[in-house]
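Some notes on the structure that comes next.
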Amino acid sequence: MVRKIKNLFHLILAFAAVIFYRFPSANLTVIGVTGTDGKTTTVHLLGAILREAGLKVATISTLGAFLGSDKISIGLHVTTPNPWLLQKLLRQIADQGFTHVVLEATSHGLDQYRLLGCNFKVGALTNVTKEHLDYHGTYENYLKAKEKLFRHVKIAVLNRDDKSYPYLASHITFHKSRIITYGLKDADFMPEVCPFKTKLAGEYNLYNCLAAVSVAQSLGIEQEVARKAIEKFSGLSGRLEEIDEGQDFKVFVDFAHTPAAFEEVLKTVRGQTKGEIIHVFGCTGERDKSKRPMMGKISAGLSDKIILTCEDTYREEPEEIITAIEDGVKKGGKIEGKSFWKVADRQEAIQKAIGMAKNGDTIIITGVGHQRTLNLKGSEVPWSDQKAAREAIKERQK
């Protein structure tokens, strides 16, 4: 009941915002990207392609709102802004002569009507794995929330290889949108159909590139333009971002915070690591608790050493979060006491990892990525994984 009341508030606010800001999306080509993982990278890949095509494009994502060279904050720990801020941003975008906008559409944002009035022309999906079950309750409800993006789009771009495809395709057909598929096989857009080179590592980034190419093609952009943009695209802050201070081991910072993302990013670094993988991570407090042991188990199966630490705890006790992850680590079976540590202080955890790394090892620090604060016990504290890692490396080099 409380959730329904809150959603009704969002609905009213969205209606009011759309009217107050004079239907800003009416003269924009709006593209929405939804999914569990890969949304931010896909949004910015697509933005790069549209700019390469000579279009004036803005992006709104977890990283903020980008209007050309201007970056506008959308708030801490936010992906889809509240309706009032979103419509205000769209009005700015329209008034400044932008023709296209690409934005992340989260399940929360879709369920809470935050995206009402955005007039999406194209909707794209990366994947749907179990996530946010603390809010949606079941995977099926989560999938239904994602499906809302496609109810009024003209073109739906779907991942043919994802398990969500049959459900979404059947419902989108009902809504009479045109469906375009991408994937590694049996899809409209595959690497052999639209070959490209990318600096981004990992199979999951092939999917992100294919999603962006598919959307671009649906908008009439030539393959060669998309190919050039993808080849130039060097990645985003906190997305498998390498921290290089001349050390003889590798350090990466990544935003991975779901079981599926964990598996993908750890498999990727495993493929380029000669020595051991040292994984530093935690889980967010007051969020889906069911995924904590799952993430511990996945890390235990793909890492050689694990250091559990804090992420955004909010008002939950760090020990409770870490203990829940530890249960999964133990079930993973591979990690033993001599290769497993619990260090609640994130700075100390990163220092410990860098202190023990040997030539050829890889340290992967996940969960915070691009964020510049941590929410600890309800308070926002300045933080940067990148800065912490650089300081620890320089300290070791002394």
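Numbers below:
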item: Some residue of the range 343-352 being at pLDDT 95 or above and in contact with a Pro (Cβ under 6 Å, 6 or more places away or on another chain); result: yes
item: Scope the range 299-324; condition farther than 18 Å from Ile350 by Cα and in contact with a Leu (Cβ under 7 Å, 6 or more places away or on another chain); matching residues; result: Leu302
item: Residues within the range 1-33 that are touching a strand residue (DSSP E or B) at 6+ places or on another chain (Cβ under 6 Å) and either among the hydrophobic types (A, V, I, L, M, F, W, C) or within 17 Å of Ser107 (Cα to Cα) (or both), tallied; result: 5
item: Test: residue in the range 357-375 that is among the hydroxyl-bearing types (Ser, Thr, Tyr), touching a residue at least 24 places away in the same chain (Cβ under 8 Å) and either more than 22 Å from Thr258 (Cα to Cα) or loosely packed, with under 13 Cβ neighbours inside 10 Å (or both); result: no
item: Every pair of residues 6+ apart whose Cβ atoms lie under 9 Å, when the first sits in the range 65-93 and is of a type outside the set (A, V, I, L, M) while the second is in a loop (DSSP other than H, G, I, E, B) and at pLDDT below 90; result: Pro81/Gly75; Asn82/Gly75
item: Residue satisfying all of: in the range 136-167; of a type in the set (Ser, Thr, Tyr) and touching a residue at least 24 places away in the same chain (Cβ under 8 Å); farthest from Gly220 (Cα to Cα) among these; result: Tyr142
item: Strands (runs of 3 or more DSSP E) within the range 83-192 that include 1 or more residues within 22 Å of Ile72 (Cα to Cα) and among the β-branched types (Val, Ile, Thr); result: 100-104
item: Residue list for the range 243-254, restricted to those being on the phi < 0 side of the Ramachandran plot and out of contact with any Gly (no Cβ under 9 Å at 6 or more places or on another chain); result: Ile243, Asp244, Glu245, Gln247, Val251, Phe252
item: One residue from Asp134, Asp111 being acidic (Asp, Glu), surrounded by fewer than 18 Cβ atoms within 10 Å (Cβ to Cβ) and assigned by TED's automatic domain parsing to the domain that holds Trp84; result: Asp134
item: Residue check, Arg292 crowded, with 23+ Cβ neighbours inside 10 Å and either assigned to a strand (DSSP E or B) or not β-branched (Val, Ile, Thr) (or both); result: yes
item: Residue that is modelled with the lowest pLDDT [pool: residues in the range 324-338 that are buried (at least 17 other Cβ atoms within 10 Å of the Cβ) and within 14 Å of Ile278 (Cα to Cα)]; result: Ile335
item: Pair list, Cβ under 6 Å, 6 or more apart: the range 168-191 residue assigned by TED's automatic domain parsing to the domain that holds Gln217 and polar (S, T, N, Q), other residue assigned to a loop (DSSP other than H, G, I, E, B) and crowded, with 16+ Cβ neighbours inside 10 Å; result: Ser177/Val153; Thr181/Arg160; Thr181/Ala187; Thr181/Asp188
item: Residues (surrounded by 22 or more Cβ atoms within 10 Å (Cβ to Cβ) and either free of Cβ contacts under 8 Å to residues at least 12 places away in the same chain or touching a strand residue (DSSP E or B) at 6+ places or on another chain (Cβ under 6 Å) (or both)) located in the range 45-64; result: Leu46, Gly47, Leu50, Val57, Ala58, Thr59, Ile60, Ser61
item: Selection from the range 379-398 of residues that are assigned to a helix (DSSP H, G or I), touching a strand residue (DSSP E or B) at 6+ places or on another chain (Cβ under 6 Å) and closer than 10 Å to Gln347 by Cα; result: Asp385, Ala389
item: Any pair with Cβ under 6 angstrom, 6 or more apart, that starts in the range 314-333 at a residue that is in the same structural domain as Leu302 (by TED's automatic domain parsing) and without any contact (Cβ under 8 Å) to a residue 24 or more places away in the chain and ends at one that is surrounded by fewer than 17 Cβ atoms within 10 Å (Cβ to Cβ) and assigned to a loop (DSSP other than H, G, I, E, B); result: none
item: Test set (1) at negative phi; (2) surrounded by fewer than 20 Cβ atoms within 10 Å (Cβ to Cβ) - Tyr314 fails condition number; result: (1)
item: Residue list for the range 297-318, restricted to those being touching a strand residue (DSSP E or B) at 6+ places or on another chain (Cβ under 9 Å), under 16 Å from Lys338 (Cα atoms) and outside any strand (DSSP E or B); result: Ser299, Ala300, Ser303, Asp304
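The values are calculated or read from the model by the stated rules, or taken from the named source; none is laboratory data. Just so it is clear, the model here is predicted, and its values are computed rather than measured. Note that each Cβ is placed from the backbone with ideal geometry, even for glycine, and that neighbours are counted across all protein chains shown.
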